[in-house]
Amino acid sequence: MLPTRLQPLPADRLRRVCQHNHFTFETTAEIETAGSIVGQPRGTRAIEFGIGIRSQGYNIYVLGETGTGRTTAIRRFLEERADDQPVPDDWVYVHNFAVPHRPRAIHLPPGHGLTFQEDIAELVNCLREDLPKAFDTDAYREAAEQLGQSFGATQQQLLGQLKQEAARQGFTVVETPSGLAVVPLSGDKVMDQATFDQLSVEQRQQLDKQQQALNDRLEAALRQVRQLGDQARQQLKQLDQQVAAAAIAHHFEELRQVYAQYEEVLVYLNEVEQDAINHLHDFQPGEEGGEEPDLSRYAVNLLVDNSKTRGTPVVVENTPTYHNLIGRIEHEMRHGVLFTHFSNIMAGSLHRANGGYLVVNARDFLHYSLAWEALKRAIETELITIQPADILEEREMAVKSLDPEPIPLKVKVILMGSPNLYYALHEQDEEFSELFKVKADFDTVMQRDDANEYEYASFIAHRCREEGLRHFDRPAVEKVVEYGSRLSGDQNKLSTRFGLVTDLIREASYWATKAGRDVVAAQDVQRALDESIYRANLLEERFQEQISDGTVFIDTQGAVVGQVNGLSVLDMGDYSFGHPNRITARTYMGESGVVHIEREVEMAGPLHNKGVLTLTGYLGGIYAQKQPLSLSASLTFEQNYGDIDGDSASAAELFALLSGLSELPIQQGIAVTGSVNQRGEIQPIGGVTEKVEGFFAACKAQGLNGKQGVIIPATNIRHLMLREEIVEAVAAGQFHIWAIRTVDEGLELLTGTTAGERDETGHYPEGTIHHTVQNRLLQLAQELKAFGDKDEH
């Protein structure tokens, strides 16, 4: 009984090409471009919502695989919308005169921070110049001299009166190593010890009494002199402060008028003025060759300068360490000792993004757990708090550090990461769902329609303008669009992995330049694709060489019982290719069922094992409804020395098994890929394009004969984006692609025999494959039973 022959697919179904003259432009130079996110309507809508809502916790997590161009696209998208939004304030740190280790943060309108820094620097220069001059006047010297003379006269009067009284009583005031003292006289000279000892006891006691009284009066006089000295110094200090205040008041008054509406600045100016008046010695010229007085406390640390910022800032942090994110306090060596200062406070990306948007790759936080915790804390408290590394690492601080005043935070954080990481954070971090309430899903594919094909053209134009590449003509754009479909693995989709598309654009421009063309043509795009494959496919070529020289056993002609060419894909990360595998089946008497050798030696993964177990379900459903399923069979991938997984070879394994049972040979020029379920339906698989191309290469190397081809699931037709060489071979009748929906269709193609349909009695027509297999299974069961009876006898 001859089967109804299934027709191979026509060539136009193997690759979707762009319609002729679909684009109206001649080159991409004619296309106007915009900074919108291409092919992500769901993600774009979510981001629009996330940046629009101002409630706390509505930060954004962008889900998507790497290579979709998320970072670049989101940055441009945000920058375009940020242009029309207000520029955030500048932030400065200044010295805290009340609590020196806690610098104060002051915010000013954009651009005013730099001006304020320059104004304070100019103020300090003026103080350096004006204060010394204020004290270099005759009026000041005269006033200071009067204070000194008044003190000197009073001091002389007090000590003079005491000396007169002492002289009247026979004593005098002398200078000793410990200060002034009253001593007795003998004549006009100080009484020596020998003279004193010759005196009677009563005389010595009288002298001692008088001397003590005079010394007490001397001490009182000296105390009064010291008080007068303190008063004189205080008066001199007040004089100095009055002179200094008068000399610098106009400088501060000018700044107060400039910054009249900024209360924090006015408070700071008052503190600076008072500190300068209290530390006049710091403004005196230093000795030649000596160190200059340290006036760094008056400096302004411009932490965030938005003077050149346009719109709200968009900051992409590629290395989110704690210090890169939150900021840091640097230290410097002075005289062999580590030292820090508020001017050593450095901004982090949160400071620069404050008032705008911060874009971070979530995966990077896996390496920087401190930064992740700090980011969450900053979002929760709406404050940026810089802490020294010693505190963060809970180490004893080696040097005195600072505790800067926290800065209020108003930022929208956009995290980018994989779906797996998103769901892991959602499950394991209880704060995550409260801080990142907006999920923006970025797909790796988009629908292939006229609008999105034009978006591809617009994207090419944008890349060419931005990177200074050569523009593409219309056929070249069509080639890139077709490449986008191949990347997506679907004729009706386009890939949004714009990182790879951009690489193709750059490389095609390079080859056009090498060829001396001003515009990239289709052959330049094809050259870029070919060169890219050539750089990556060394292993593929070696594998095909082993097939050609007979090292790897693959037949592409003839027919063999229990043997079929299956197909698999080897993914090397940057390149993947398909190749054939010989699958063999041996059937024999027994009750072991279907044994897969790779499974027994633990070289098969769970998905592949599931596919093999499914075969038993199919055999039971088809052949064991009215008789027991008594079978022993082994399946294996010949010359396979690595692990295998996936169920895409289950259809090929079933065909080999049924061929072994029916003893009907399978055409070796036809390879098979597809998954099978227990009902005998052929299910779709992945990598169909690479698999077809891998078997075509093997057939081409051994010689195309017009009978070779590949059987694929009918549901995989839309996933074919074969190379033009294969499409041309199919069009010429040298190679074929068959699409099947059931096991029966595949059996008929491979054996040339009708599969057969079961009648109402549960039997299959004679001469059909299923009839032959059913009889063979019955025969095996009877022989096994007879062998068992004989063995018992």
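Looking at segment 354-373, can you tell me whether even one residue there is within 20 Å of residue 41 (Cα to Cα) and modelled with pLDDT of 90 or more? Yes, that holds for at least one residue. Among the residues of segment 132-146, those that are open to solvent by less than 100 Å² (accessible area, probe 1.4 Å) and either part of a helix (DSSP H, G or I) or in contact with a Cys (Cβ under 9 Å, 6 or more places away or on another chain) (or both) comprise 132, 134, 139, 140, 143, 144. From the set of residues in segment 667-691 that are within 22 Å of residue 757 (Cβ to Cβ) and charged (D, E, K, R), which is least open to solvent (accessible area, probe 1.4 Å)? Within segment 667-691, the match that is least open to solvent (accessible area, probe 1.4 Å) is 681.
Which residues, taken from segment 427-447, are assigned to a loop (DSSP other than H, G, I, E, B) and out of contact with any helix residue (DSSP H, G or I) (no Cβ under 6 Å at 6 or more places or on another chain)? Please lay out each step first, then the result.
To start, the set of residues in segment 427-447 that are assigned to a loop (DSSP other than H, G, I, E, B) comprises 429-431, 437, 442-444.
Listed by number, the residues that qualify are 429, 430, 437, 443, 444.
When the residues of segment 574-589 are filtered to those that are within 24 Å of residue 776 (Cα to Cα) and touching a strand residue (DSSP E or B) at 6+ places or on another chain (Cβ under 6 Å), the one that is most open to solvent (accessible area, probe 1.4 Å) is 586. Have a look at 355, 336 and point out the one that is on the phi > 0 side of the Ramachandran plot and in contact with a Pro (Cβ under 7 Å, 6 or more places away or on another chain). Result: 355 is the single residue among 355, 336 that is on the phi > 0 side of the Ramachandran plot and in contact with a Pro (Cβ under 7 Å, 6 or more places away or on another chain). Selection of first residues in segment 637-657 that are at positive phi and of second residues that are of a type in the set (A, V, I, L, M, F, W, C), restricted to Cβ pairs under 8 Å at least 6 apart or on distinct chains, gives the following pairs, ordered by first then second residue: 639/552; 639/553; 646/607; 646/685.
Can residue 626 be described as assigned to a helix (DSSP H, G or I) and in contact (Cβ under 8 Å) with a residue 12 or more places away in the chain? No, not satisfied. Within segment 28-42, if we keep just the residues that are among the hydroxyl-bearing types (Ser, Thr, Tyr) and surrounded by fewer than 20 Cβ atoms within 10 Å (Cβ to Cβ), the residue that is nearest to the chain's Cα centre (by Cα) turns out to be 36.
Residue by residue, here is whether (1) out of contact with any strand residue (DSSP E or B) (no Cβ under 9 Å at 6 or more places or on another chain); (2) among the hydroxyl-bearing types (Ser, Thr, Tyr); (3) open to solvent by 60 Å² or more (accessible area, probe 1.4 Å) holds:
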residue	(1), (2), (3)
234	yes, no, yes
261	yes, no, yes
268	no, yes, no
274	yes, no, yes
278	yes, no, yes
294	yes, no, yes
299	no, no, no
307	no, yes, no
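Looking only at residues of segment 196-212 that are surrounded by 14 or more Cβ atoms within 10 Å (Cβ to Cβ) and at pLDDT 75 or above, we find that the one that is nearest to residue 152 (Cα to Cα) is 210.
Answer yes or no as to whether residue 78 is closer than 14 Å to residue 313 by Cβ and either buried (at least 17 other Cβ atoms within 10 Å of the Cβ) or without any contact (Cβ under 8 Å) to a residue 40 or more places away in the chain (or both). Criteria met by residue 78.
Residue-by-condition table, conditions (1) free of Cβ contacts under 8 Å to residues at least 40 places away in the same chain; (2) outside any strand (DSSP E or B); (3) over 18 Å from residue 79 (Cβ atoms); (4) of a type in the set (A, V, I, L, M):
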residue	(1), (2), (3), (4)
8	no, yes, yes, no
16	no, yes, yes, no
20	yes, yes, yes, no
24	yes, yes, yes, no
29	no, yes, yes, yes
38	no, yes, no, yes
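The residues on offer are 644, 622, and the sole one that is out of contact with any Cys (no Cβ under 8 Å at 6 or more places or on another chain) and surrounded by 20 or more Cβ atoms within 10 Å (Cβ to Cβ) is 622. Might you check whether a residue that is in a helix (DSSP H, G or I), in contact (Cβ under 8 Å) with a residue 24 or more places away in the chain, in contact with a Phe, Trp or Tyr (Cβ under 9 Å, 6 or more places away or on another chain) and surrounded by fewer than 21 Cβ atoms within 10 Å (Cβ to Cβ) occurs anywhere in segment 510-519? No: segment 510-519 contains no residue that is in a helix (DSSP H, G or I), in contact (Cβ under 8 Å) with a residue 24 or more places away in the chain, in contact with a Phe, Trp or Tyr (Cβ under 9 Å, 6 or more places away or on another chain) and surrounded by fewer than 21 Cβ atoms within 10 Å (Cβ to Cβ). For first residues located in segment 105-131 and open to solvent by 60 Å² or more (accessible area, probe 1.4 Å), partners that are at pLDDT below 95 and in a helix (DSSP H, G or I) and lie 6+ apart or on another chain with Cβ distances below 6 Å form the pairs 128/283. Out of all the residues in segment 147-154, is one or more outside any helix (DSSP H, G or I), surrounded by 17 or more Cβ atoms within 10 Å (Cβ to Cβ) and at pLDDT below 85? Within segment 147-154, not a single residue is outside any helix (DSSP H, G or I), surrounded by 17 or more Cβ atoms within 10 Å (Cβ to Cβ) and at pLDDT below 85. Looking only at residues of segment 53-70 that are at pLDDT 90 or above and of a type in the set (Gly, Ala, Ser), we find that the one that is most open to solvent (accessible area, probe 1.4 Å) is 55. Looking only at residues of segment 432-444 that are open to solvent by less than 10 Å² (accessible area, probe 1.4 Å) and among the aromatic types (Phe, Trp, Tyr), we find that the one that is nearest to residue 376 (Cα to Cα) is 432. State yes or no: is residue 664 over 43 Å from the mean Cα position of the chain (by Cα), within 18 Å of residue 560 (Cα to Cα) and open to solvent by 30 Å² or more (accessible area, probe 1.4 Å)? So residue 664 fits the description; yes.
Residue 483 falls short on exactly one of the conditions (1) at pLDDT below 95; (2) closer than 23 Å to residue 468 by Cα, and that condition is (1). Does residue 735 fit the bill of being closer than 15 Å to residue 7 by Cβ and open to solvent by less than 20 Å² (accessible area, probe 1.4 Å)? Criteria met by residue 735. Those helices (runs of 4 or more DSSP H) of segment 294-381 in which at least 1 residues are touching a Ser or Thr at 6+ places or on another chain (Cβ under 6 Å), considering only elements entirely within it, cover 322-326, 369-381.
How many residues, within segment 168-185, are surrounded by fewer than 14 Cβ atoms within 10 Å (Cβ to Cβ) and of a type in the set (S, T, N, Q)? So the answer is 2. Only one entry in 532, 548, 568 is crowded, with 19+ Cβ neighbours inside 10 Å and at pLDDT 80 or above, namely 568.
In segment 40-77, what residues are of a type in the set (A, V, I, L, M), in contact with a Lys or Arg (Cβ under 8 Å, 6 or more places away or on another chain) and outside any helix (DSSP H, G or I)?
Scanning segment 40-77 gives 60, 62, 63.
Results for (1) modelled with pLDDT under 90; (2) exposed (fewer than 14 other Cβ atoms within 10 Å of the Cβ), shown as yes or no for each residue.
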| site | (1), (2) |
| --- | --- |
| 381 | no, yes |
| 395 | yes, yes |
| 398 | yes, yes |
| 404 | no, no |
| 407 | no, no |
| 427 | no, yes |
| 446 | no, no |
| 453 | no, no |
| 460 | no, no |
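Of the residues making up segment 590-619, those that are farther than 23 Å from residue 580 by Cα, open to solvent by 30 Å² or more (accessible area, probe 1.4 Å) and of a type outside the set (Asp, Glu) are 592, 616.
The values are calculated or read from the model by the stated rules, or taken from the named source; none is laboratory data. This structure is a prediction, so every number in the text was calculated from the model and none was measured. For neighbour counting, all protein chains shown are included, and Cβ atoms are generated from backbone atoms with ideal geometry for every residue, glycine included. Just the protein is used for accessible areas: all its heavy atoms, side chains included, with ligands, DNA and RNA removed. Shrake-Rupley method; radii C 1.70, N 1.55, O 1.52, S 1.80 Å.
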